[in-house]
Every structure is written in C-alpha cells, then in structure tokens.
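Peer 1: Here it is, the structure in full.
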Amino acid sequence: MTRTTDQSAAALRVLAVDDEKPALDELVYLLRAQPGVGQIHSASDATSALRLMRAHPIDAVFLDINMPGLDGMELAGILSEFANPPAVVFVTAHDDRAIAAFDLGAVDYLLKPLREARLAEAVRRIAGAHSAPAPAVTQPQADPSEVIPVELGGVTTLVHRSSVSWVEADGDYARLHTNSGSHLVRIPLSALESRWENAGFLRVHRSYLVALRLVTGLRAVGTGTVVRLRADGTAAAVELPVSRRQVRELKQRLVHGPRQQWTGQ
C-alpha cells in the first residue's frame, strides 16, 4: 500500500512494516503528519517489504520486530547488506532488543504505544542526515589535547589523539592503545576523559575510555554488556566491559550524538 503526502520531492520516502493492522495504520497515520515525510509505503510482512523495496526507492524503514516469517531483526540484517541501505527505525513493544537493534545499525528504537514526539525526533534525525551536504575538507585546527607526549628510553614521542583506539586505567596513569602499539602516560584516565569528551571519546567503564568512531556494536554477556571496537592499524579488535550505568549513555552517543564528533569527519 502506498500513500503520498503533500511534500516536496526532497521529503523522505518511507516504508512502514508491521504485521498488526491497527498498529500499522496508526504508524502510517502518524508518519503522514510529519512534515519531513513524503511518500509512504506499508507492508504487513518482511517479504512484502522487500518486494516493495525492489520496486520503489526507500530512504527509511520503520519496522516492527515480532513478525511471522522473517522478523524485524532478520529483515534489518538483510537491509544492512544493501549497497545503499535505508535508515532503520525499530517500532516495537519490547524494550529488551535495543542492544541487538543498535548492533544492526538502527537509527532509533521507538517503543509502543508510539509517541508522536519521539517519532518526530526520529524523522528529523533521518531527514537531517539525508539532506546534509558532504562535509567540506578543512585543515584540522590546532588543539592542545590533540597530541600526548610519551617518553620511552629518553626519547619523547608525540602520540596523536586520532591514533588512539581506547585508553586503559593503569593505577594513577593511563595506557593508550594506538595503531602503533600501547603507551603508558603519566595522565589519569579521568583527565583524558575530561579533555576528550567532545572529541569522540566516552568513558564506558571506570577503567576504559573508548573512541566511538571504532565501535561496531554492543553485546550482552551474562548480566553485563561489552562494547566491540574494530581493529585500527596494529590495534587489534577488542571487546571491553561497559558499566551498567554507562550502557544508556553509550547507546545515546552512538545513535543520537552528533556524528561529526565521533566518526573522524
């Protein structure tokens, strides 16, 4: 099913997917009220959704999780393999699948009953990313915290912040894990946390500070959570524990935070 609002050609082309007709009708109704949304398609199962996507360009998919056949998670996994994958927003009654959703690169995770304000926020985020021009290439500005002096064998080496994958507390010092190896510096982890908090780093645990640009996902382990960082040069891929109180903050920074702050753009 397809509906078109009175929006310009630049408006988002969206697909709503839910196997429950009342929920699907409500989602379509609320999407039609969003000024950033143009053409709206709807489907009651993953197979129909994929068929529609073969026939129509889609910018964003608003997707239920529990559906017969392929569920929403499986469909999102398929969409992630597309050459130009659409933005995915999960709309579900279950709050226990958020980590898996963000693992799949979801833009947002909305809980039923759906609130119009939260839907509007998700639409604005997608529209902003969809319409944003490519960032201009500029020379990086000098910043006192961009480099850290490291002394080894009487030789001082400058370690660039951009080469740091994660930082580990080592007593009163900190160990920088970089693409050239690890370096012990006489700086407390708390000091680096404060200096680098606006440069794409987040304290995920009392012992660890991570570069958000390298995060590839979160994984539940027993009653806890670990964050996965991809390999960066000689810095190997790693999984680090996330304290319970930092899980929400990490997810918010990955999904809601200004992308230019943590992708290195």
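Peer 1: In the range 106-155, which residues are in a loop (DSSP other than H, G, I, E, B) and modelled with pLDDT of 75 or more? Spell out the reasoning first.
Peer 2: Here is the first cut: in the range 106-155, the ones in a loop (DSSP other than H, G, I, E, B) are 106-107, 112-115, 132-146, 153-154.
Those that are in a loop (DSSP other than H, G, I, E, B) and modelled with pLDDT of 75 or more: ALA106, VAL107, LYS112, PRO113, LEU114, ARG115.
Peer 1: Restricted to the range 59-90, and to residues that are open to solvent by less than 10 Å² (accessible area, probe 1.4 Å) and within 17 Å of the chain's Cα centre (by Cα), which residue is farthest from LEU119 (Cα to Cα)?
Peer 2: Out of the qualifying residues, it is LEU79.
Peer 1: Hey, another quick one. Anything in the range 176-191 that is closer than 12 Å to TYR208 by Cα and crowded, with 16+ Cβ neighbours inside 10 Å? List them, or say none.
Peer 2: The answer is LEU176, HIS177, LEU189.
Peer 1: Output the qualifying pairs, or none if there are none: Cβ atoms under 8 angstrom, residues six or more apart or on different chains, first residue in the range 196-207 and on the phi > 0 side of the Ramachandran plot, second residue open to solvent by 10 Å² or more (accessible area, probe 1.4 Å) and not in a strand (DSSP E or B).
Peer 2: Final answer for the pair search is GLY200/ARG213; GLY200/GLN261; GLY200/TRP262; GLY200/THR263; GLY200/GLY264.
Peer 1: Mind listing whichever residues of the range 7-22 are among the hydrophobic types (A, V, I, L, M, F, W, C) and under 26 Å from the mean Cα position of the chain (by Cα)?
Peer 2: ALA10, ALA11, LEU12, VAL14, LEU15, ALA16, VAL17
Peer 1: Continuing with this model, one more query. Show the residue pairs meeting these rules: Cβ distance below 7 Å; 6+ apart or different chains; first residue within the range 215-240 and closer than 19 Å to HIS160 by Cβ and β-branched (Val, Ile, Thr); second residue at pLDDT below 90 and outside any strand (DSSP E or B).
Peer 2: Note: pairs meeting the criteria are THR234/SER180.
Peer 1: Would you check which residues across the range 31-51 are in contact with a strand residue (DSSP E or B) (Cβ under 7 Å, 6 or more places away or on another chain) and either at pLDDT below 90 or open to solvent by 30 Å² or more (accessible area, probe 1.4 Å) (or both) and list them?
Peer 2: ARG32, GLN39
The values are calculated or read from the model by the stated rules, or taken from the named source; none is laboratory data. Given the structure is predicted, the values throughout are model-derived calculations rather than measurements. When we count neighbours, we look across all protein chains shown, and the Cβ atoms used for this are built from the backbone with ideal geometry, even at glycine. Calculation scope for accessible area: heavy atoms of the full protein, side chains included, ligands and nucleic acids excluded. Shrake-Rupley method; radii C 1.70, N 1.55, O 1.52, S 1.80 Å.
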